[in-house]
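A quick write-up on the structure given underneath.
Throughout, read-outs are computed from the coordinates displayed, never taken from laboratory work. All values reported here derive from a predicted model rather than from experimental measurement. Cβ placement follows ideal geometry from the backbone for every residue including glycine, while neighbour counts extend to all protein chains displayed.
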Amino acid sequence: MDFSVMTYNIKLGMESDLKTVADIIGEADVVAVQEIGVDWFHGDSGNQPQLLSRASGLGHVRFAAVLTTIPDSDPPQIRVAPTADDRPGYGVALFSRFPLGPWTRHRLPKRKDEQRCILSGTVVTPKGPISVLVTHLAVNEVDRQAQLPALLRHAQTQATPLMVMGDFNAEIAELGGLAPFLRNAAGDDPLPTYPASDPEIGIDHIYITKELEIISPAMPLPFMGSDHLPVMAKLRL
């Protein structure tokens with residue numbers, strides 16, 4: 001079975017609008033999204049995961065909040081979300097044309113940057129389940145160097161085949177520790193994805209285990225819906 005996957009940091013739709021973002025993510029069958037909110041104080045109001053699910057045709061969605069706000073704070077003050085269901089919420093999401101199974105949120109180590117997490121879920125395809133991890137690693141290198149081993153440890157506990165997708169805030173040279181368990185679907189030299197207007201660095205990645213065959217390598221798409229370019233690959237299970 002061939003299917004397409006995408007990772008996309010949408011910046012809350014603030015660089016365009018949710019309709020534009022929905023049209024972009026609707027190009028793929030399974031999509032990992034970063035910087036998405038529910039009733040968040042930036043970006044389009046409302047439940048962005050539900051709005052994007054309806055508008056994109058990706059009828060199954062999971063959202064994990066990693067940040068929320070202190071109640072009644074004005075202006076809003078950010079704090080770590082105690083649970084994945086906290087509202088208002090800001091975090092990551094998984095969209096799919098296929099049904100989605102159980103899911104969980106896992107916090108990543110935090111040193112100096114804001115809290116980050118992994119959304120761990122299962123895509124139930126006609127050919128069998130695929131485990132998926134969606135993440136958005138820290139901008140701060142100190143945090144990121146603690147998060148990468150934690151991400152790998154968590155990936156190694158998942159059933160395979162497995163996809164790990166997201167904004168890693170790191171180029172491939174820094175991500176060598178993910179091998180040999182995971183391989184980058186773009187190959188050894190991913191094209192740059194950020195900033196979208198004049199890409200200089202490749203920090204948005206799709207990693208997969210050996211059970212998945214690469215039909216079309218992961219490539220950035222020239223869509224200006226965010227400050228990142230979306231990255232899409234075609235895989236075979």
Checklist entry - Within the stretch 133-140, can one find any residue that is part of a strand (DSSP E or B) and surrounded by fewer than 19 Cβ atoms within 10 Å (Cβ to Cβ)? => result no
Checklist outcome for this item: Condition set part of a strand (DSSP E or B) and under 15 Å from Val66 (Cβ atoms), scope the stretch 141-172, selection farthest from the chain's Cα centre (by Cα): answer is Asp167
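I'm trying to understand the selection: among the residues of the stretch 195-211, which are free of Cβ contacts under 8 Å to residues at least 60 places away in the same chain and either crowded, with 20+ Cβ neighbours inside 10 Å or in contact with a Cys (Cβ under 7 Å, 6 or more places away or on another chain) (or both)?
Step one: list which residues in the stretch 195-211 are free of Cβ contacts under 8 Å to residues at least 60 places away in the same chain, which gives 195, 197-203, 207-211.
Result: Gly202, Ile203, Tyr207, Ile208.
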Next on the checklist: With the requirement that a residue be crowded, with 19+ Cβ neighbours inside 10 Å and out of contact with any Leu (no Cβ under 9 Å at 6 or more places or on another chain), what does the stretch 50-65 give you?
Outcome noted: Ser53, Ser56, Ala65
Next on the checklist: I'm told Val33 meets every condition in (1) part of a helix (DSSP H, G or I); (2) within 18 Å of Ala196 (Cα to Cα); (3) not charged (D, E, K, R) except one. Can you identify the failing condition by its number?
Outcome noted: (1)
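Of all residues in the stretch 161-194 being among the small types (Gly, Ala, Ser) and surrounded by 18 or more Cβ atoms within 10 Å (Cβ to Cβ), which is farthest from Pro217 (Cα to Cα)?
Residues of the stretch 161-194 among the small types (Gly, Ala, Ser): 166, 170, 173, 176-177, 179, 185-187.
When the remaining residues are screened for being surrounded by 18 or more Cβ atoms within 10 Å (Cβ to Cβ), the result is 166, 170, 185-186.
On the way: Gly166: 16, Ala170: 19, Ala185: 6, Ala186: 5 Å.
Of everything passing the filter in the stretch 161-194, Ala170 is farthest from Pro217 (Cα to Cα).
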Checklist entry - Out of the stretch 156-175, which residues are more than 20 Å from Ala233 (Cα to Cα) and not aliphatic (A, V, I, L, M)? => result Gln156, Thr157, Gln158, Glu174
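Could you pull out the residue among Glu213, Glu141 that is of a type in the set (Asp, Glu) and out of contact with any strand residue (DSSP E or B) (no Cβ under 7 Å at 6 or more places or on another chain)? Lay out the reasoning, then the answer.
Working: Glu213 fails: out of contact with any strand residue (DSSP E or B) (no Cβ under 7 Å at 6 or more places or on another chain).
Result of the check over Glu213, Glu141: Glu141.
Sort through Gly225, Gly187 and tell me the only one that's within 26 Å of Gly26 (Cα to Cα), within 17 Å of the chain's Cα centre (by Cα) and outside any strand (DSSP E or B).
Working: Gly187 fails: within 17 Å of the chain's Cα centre (by Cα).
Every option except Gly225 fails the conditions.
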Next on the checklist: Which numbered condition in (1) assigned to a loop (DSSP other than H, G, I, E, B); (2) within 17 Å of Asp17 (Cβ to Cβ); (3) among the β-branched types (Val, Ile, Thr) is the only one that Thr83 fails?
Outcome noted: (2)
